[in-house]
1. Compute, for the range 34-85, the length of the dipole vector about the Cα centre, with Cβ point charges of +1 (Lys, Arg) and -1 (Asp, Glu) only. Units Debye, rounded to 20.
2. Determine ³J(HN,Hα), in whole Hz, for all residues of the range 180-190 in sequence, where each value follows from phi through the Karplus function 6.51 cos²θ - 1.76 cosθ + 1.60 and θ = phi - 60°; x replaces Gly and Pro.
3. Using the Karplus curve 6.51 cos²θ - 1.76 cosθ + 1.60 with θ = phi - 60°, what ³J(HN,Hα) values do you get for each residue of the range 71-84, in whole Hz, with x for Gly and Pro?
4. Applying a 10 Å radius around every beta-carbon, put 162-174, 82-94 in order of their mean neighbour count, most first.
5. If the viscosity is 0.692 mPa s and the temperature 37 °C, what translational diffusion coefficient in µm²/s does Stokes-Einstein give for the range 47-200 when Rh comes from Kirkwood over Cα pairs?
6. What number, in percent, do you get for the relative contact order of the range 12-92 if the mean sequence gap of Cα pairs under 8 Å and at least 6 apart is divided by its residue count?
7. Relative contact order for the chain using alpha-carbon pairs under 8 Å, separation at least 6, rounded to a whole percent?
8. Let me know the charge dipole size of the chain about its Cα centre in debye, to the nearest 20, where only the beta-carbon of Lys, Arg (+1) and Asp, Glu (-1) is charged.
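Every number in this text was worked out from the coordinates using simple rules, so none of it is lab data. Keep in mind the model is a prediction, meaning the values are calculated, not measured. Quick reminder, even Gly has a Cβ in these numbers, built from the backbone with ideal geometry, and neighbours come from all protein chains shown.
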Amino acid sequence: MALTCTNVTLRKRVISNGRISLYLDYYPAIRNPNTMKMSRREYLGIYIYANPRNEIERNFNNDMLDKAEAIRCMIKFVPLMAQKSLPSVWNKNPKPYKTPIFLKPVYEGENVSAYIHYISTITNTKTLHLEGTNYVFYFKVKNEDVAKGYCMGSSIGAKMLLKIVFKPYPVMKETVSNLDTKEFYKDPISLIRTFDSLLK
């Protein structure tokens, strides 16, 4: 069973000095595009009084809760038509899902945008329970209808995959050929930034 991350909840955590820290709770866990680590929590750096003593502190708490809720509402997942799988030697142009899937925007360029699709898998048998989370990076060129997958959390043969993915875009041939895959996995979105600049 695959789940799309659409649940973002505002939560509170009691900390020192009579304060409460506000954070966002993602379910399932998401991969931070900056650190590439899986996490369910994103601390907002917003604090409220645990036990407000007067009207000023109560008003402050209400203002901070409104601010945190506004941030939670800005976390958006965009419904897009996207390929069901990454391209391969056997299937260079995978079919799209029949209905849109929810993708999180991570880069908005003039010509191309990048997205992440967080996935969670659960397998249950009589003697085993396995849970796994991963992600797929997608890009979508402005005049195209379907987002194309170009990177999965752990993928063998990344350069071969990228050559297949970007074959319809000759401007990317040299960039993909000279790609350092270790650097690419540190920041997969950088490739889309380069792609965007080359399409100008």
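1. In total the dipole reaches around 420 debye.
2. Per-residue couplings from phi come out as 8, 5, 5, 5, 4, 5, 5, 8, x, 6, 4 Hz.
3. 5, 4, 5, 7, 5, 10, 10, 9, x, 9, 6, 8, 5, 5
4. Details: 162-174: 15.8, 82-94: 14.2.
Output ranking for 162-174, 82-94: 162-174, 82-94.
5. Details: Rh = 18.2 Å.
Answer from the Stokes-Einstein relation: 180 µm²/s.
6. On the way: 80 pairs, mean separation 18.0, N = 81.
Relative CO of the range 12-92 lands at 22 percent.
7. Normalised by residue count, the contact order of the chain is 17 percent.
8. Details: 30 positive and 17 negative charges, 113 e Å.
Here the size comes out at about 540 debye.
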